[in-house]
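Here the structure comes first, spelled out in structure tokens, and everything after it is commentary.
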Amino acid sequence: MSARLLPAEFADLEPYARTWCLPTEPERWERRLASTMDEMHGFYDACFPRAEAAIVYLDGVELAAMPDDATRLLEMLCSLALVSYVVEVWQQSLPIDTGSARIDRISEPRP
Amino acid sequence: MSTFPRPPEGSWTAHYPQLGTGRVSFEDSVSPEFYELERDAIFRRAWLNVGRVNDLPRNGTYFTKELAAARTSLLVTRDMDGEIRAFHNVCRHRGNKLVWSGTPRQESCGAGRQFVCKYHGWRYGLDGGCTYVHQEDEFFGIDKALLGLAAVHCDVWAGFIFVNLAPTPAQTLREYLGPMVTPLEGFPFHLMTERYSFCAENASNWKVFIDAFQEYYHVPPLHTHQLGPAFRNPEATFEGAHYQLDGPHRMVSTSGTRKHTFPAEHLYPSELLMRSGNTGPWDAPDLGQHVAGVNPAGVAQWGIDNYQIFPNLEIIVYERGWYLSYRFWPTSRNTHVFEADLWFVPATTARERLAREYAAVTVKEYALQDAGTLDGTQMGLEARAFTDFPLNDQEILVRHFHKTVADWVREHQQALAAAR
């Protein structure tokens, strides 16, 4: 098994790291569309209760100089933001009445 | 029945009697002939916002902008003296598109001291001057000094870069923006340098999409999910606190209970976690005691100002100290490119970053509902089952917009006829 991806304090979230630690919104969006509702509920149910602790942890790290494991934790929280709409709001992958519309995020701050 | 005072005439619409209160035709959004007219009458005569100074962060940077409606591509540069300039992105030699990467149909940006035409190697400086003609002595009496790029009128307001394709614009940019829009320059746009950008190709006329963002009458029925399940009410009403028109431009200010003060049970768990949502991050940056340029009517519990700057720029400034801009670029009578930029004071902590991320996620979620629905609006209009449509007082900006478009097209046709 390869080395841990997340800070040691968040070892319980490691099973979701490979899937949901994605650096850009286009990657996270594609992952959302490619995931089943069960997969997204599983991720949300594991990540949401740990999110406040993760934010507190990350606020102790300088945003402009984050180590890789902290950056991945932040990326996972960005995935949580995206998946929260599926779980909390729409109960489906896409917003209701999206039809064939598509809106691409073409730039964003990193990390 | 009104929450907010209306003008003495009884309605916002009646306050501007030139608008009338009759039904409105949307033939302007389906007719191929009308689209051809507005390409010249509007997109080659109005001041158009093509970017922000942030797109040209230092001397020697440039970007290209495709203006399909105006049948051209622009090259916008910041020269070595810091001056922002715009040119048709066309080589003086044989008309090749000068700057592109990947494909000529894609926009590009970068930095450098000169532009080299891929076709025959002619070179131009950032000021548009021709600096090199390959095999110059093979030509017949040419003078490089006379072979520069075709300049386009370009000016900057509040950090927004505008161009005007008219040979001689009828007004300067400031005159064009006028007394209603220009005071918005007091807003500290320059402090908001962290950007989230979006792009979409939508299957509707550009005006149909603008219409969805210049009335909030549609919000309770279409965006019911902006409140948690127990509090959704598709019969909820919307009322703008203040509407104002000036020349071709228009604006609305909203008022109401601020989202970040809602009881927790009205909110989604992630709104509470991220402290953010459809009105932006709840924890506003410190912009000082008084933020200038906002809430021109002084409405209580002010929420946003939504400025619709003719023809295709929308700027919304939020009470929580951020702003967004939308631009709508027609590509045919029933398609357009939609560009959205959200701008924030840069995050300094992960919590701030996440609040901005959640706001950016939220904007896209609800904009997808608008984009999906407007596909259907375009189809409905093209059916021509109806030829005129009733608009209410909350849709005054829609009414004003279509009248303005019609006025510009008619005035341009009259000017052409007079010149013949």
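Structural remarks
- Where helices (runs of 4 or more DSSP H) sit wholly within the range A:12-63, those with at least 2 residues that are under 22 Å from B:ALA360 (Cα atoms) and aliphatic (A, V, I, L, M) occupy A:25-34, A:37-59.
- Residues that are within 14 Å of chain A (Cβ to nearest Cβ), within 26 Å of B:ARG45 (Cα to Cα) and either part of a helix (DSSP H, G or I) or not acidic (Asp, Glu) (or both) occur in the range B:340-357; there is at least one.
- Residue that is nearest to B:TYR35 (Cα to Cα), among those in the range B:190-211 that are outside any strand (DSSP E or B) and within 11 Å of another protein chain (Cβ to nearest Cβ): B:SER204
- When B:PHE401 is tested against the conditions (1) within 20 Å of B:ALA46 (Cα to Cα); (2) more than 24 Å from the chain's Cα centre (by Cα); (3) among the aromatic types (Phe, Trp, Tyr), the lone failure is (2).
- In the range B:1-42, the residues that are of a type in the set (Val, Ile, Thr), touching a residue at least 40 places away in the same chain (Cβ under 8 Å) and open to solvent by 40 Å² or more (accessible area, probe 1.4 Å): B:THR3
- Residues in the range B:96-125 that are open to solvent by 80 Å² or more (accessible area, probe 1.4 Å), in contact (Cβ under 8 Å) with a residue 12 or more places away in the chain and either aromatic (Phe, Trp, Tyr) or in contact with a Cys (Cβ under 8 Å, 6 or more places away or on another chain) (or both): B:TYR119 only.
- Residue ID - nearest to B:GLY60 (Cα to Cα), chosen from residues in the range B:86-95 that are open to solvent by 40 Å² or more (accessible area, probe 1.4 Å) and in a loop (DSSP other than H, G, I, E, B): B:ARG92
- Note on the range B:340-354: residues that are touching a Leu at 6+ places or on another chain (Cβ under 8 Å), open to solvent by less than 30 Å² (accessible area, probe 1.4 Å) and either among the hydrophobic types (A, V, I, L, M, F, W, C) or not assigned by TED's automatic domain parsing to the domain that holds B:MET192 (or both) total 6.
- Hey, B:PRO296 assigned to a loop (DSSP other than H, G, I, E, B), within 16 Å of the chain's Cα centre (by Cα) and under 30 Å from B:ALA46 (Cβ atoms) or not: no
- Across the range A:79-111, the number of residues qualifying as within 20 Å of A:TYR16 (Cα to Cα), open to solvent by less than 10 Å² (accessible area, probe 1.4 Å) and either at the interface with chain B (Cβ under 7 Å from one of its Cβ atoms) or among the hydroxyl-bearing types (Ser, Thr, Tyr) (or both) comes to 5.
- Filter pass, B:TRP329 being closer than 28 Å to B:ALA41 by Cβ, open to solvent by 10 Å² or more (accessible area, probe 1.4 Å), in contact with a His (Cβ under 8 Å, 6 or more places away or on another chain) and touching a residue at least 40 places away in the same chain (Cβ under 8 Å): yes
- Filtering the range B:355-399 to residues that are within 23 Å of B:TRP343 (Cβ to Cβ), of a type in the set (Phe, Trp, Tyr) and open to solvent by 10 Å² or more (accessible area, probe 1.4 Å) leaves only B:TYR366.
- In the range B:220-251, the residue that is farthest from B:GLN394 (Cα to Cα) out of those that are open to solvent by less than 40 Å² (accessible area, probe 1.4 Å) and part of a loop (DSSP other than H, G, I, E, B) is B:GLY228.
- Any chance B:MET180 is within 14 Å of chain A (Cβ to nearest Cβ) and of a type outside the set (D, E, K, R): no
- B:PRO179 passes every criterion in (1) over 23 Å from A:TRP90 (Cα atoms); (2) more than 20 Å from the chain's Cα centre (by Cα); (3) in contact (Cβ under 8 Å) with a residue 12 or more places away in the chain; (4) open to solvent by 30 Å² or more (accessible area, probe 1.4 Å) apart from (2).
- Filter result for B:VAL337 (open to solvent by 10 Å² or more (accessible area, probe 1.4 Å), within 20 Å of B:TRP47 (Cβ to Cβ) and modelled with pLDDT of 95 or more): yes
The values are calculated or read from the model by the stated rules, or taken from the named source; none is laboratory data. Not measured: the values here are computed from a predicted model. Reconstructed Cβ throughout: ideal geometry from the backbone, glycine too, with neighbour counts over all protein chains shown. Ligands, DNA and RNA are excluded from the accessible area calculation, which covers all protein heavy atoms including side chains. Shrake-Rupley method; radii C 1.70, N 1.55, O 1.52, S 1.80 Å.
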